[in-house]
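The values are calculated or read from the model by the stated rules, or taken from the named source; none is laboratory data. As the structure is a prediction and not an experimental result, all values here were calculated from the model. Note that each Cβ is placed from the backbone with ideal geometry, even for glycine, and that neighbours are counted across all protein chains shown. In case anyone asks, the SASA skips ligands and DNA or RNA and just uses the protein heavy atoms, side chains included. Shrake-Rupley method; radii C 1.70, N 1.55, O 1.52, S 1.80 Å.
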Amino acid sequence: SDLDTSITADTDDQIDFKVAGADQIKITDGAIIPSTDNDIDLGTSSLEFKDGYFDGTLHCDVLDLNGTEHTTIEDPTALAIALG
């Protein structure tokens, strides 16, 4: 037991996770929500999730593909035309 870490359901239809005295995430019907913007990691550099499946829109600032960071994705058709 830890006095500054808890899982509670004080709000109707919501589960709250607190670690080291700080709110971390909440789970509601249909959503897993971080308590603050740009603070919670999903996995680590040494402990990764195996696969990810998304049915909808995925928003990200940077996409790292095998060590190369991309902030935009070029249209392969336009690139082929430009290269002639």
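Restricted to Cα positions, what overall size does the chain have along the principal axes? Three whole-Å values, descending.
Largest first, the chain extends 65, 29, 23 Å along its Cα principal axes.
Suppose the chain between residue 44 and residue 10 were pulled fully straight at 0.36 nm per residue; how much longer would it get relative to their current alpha carbon spacing?
Values: separation 34, 0.36 × 34 = 12.24 nm, distance 2.98 nm.
Full extension from residue 44 to residue 10 adds 9.3 nm.
Which percent of the accessible area of the stretch 3-75 is formed by carbon and sulfur heavy atoms (probe 1.4 angstrom)? The partial results should precede the final answer.
On the way: 3440 of 6840 Å².
Ligands and nucleic acids excluded, carbon and sulfur reach 50 percent.
Would you mind getting me the FRET efficiency between residue 25 and residue 64? Use the beta-carbon distance for r and R0 = 22 Å, nearest 0.05. Display every interim value, and only then the final one.
On the way: r = 23 Å, r/R0 = 1.06.
Plugging the Cβ-Cβ distance into 1/(1 + (r/R0)^6) gives 0.40.
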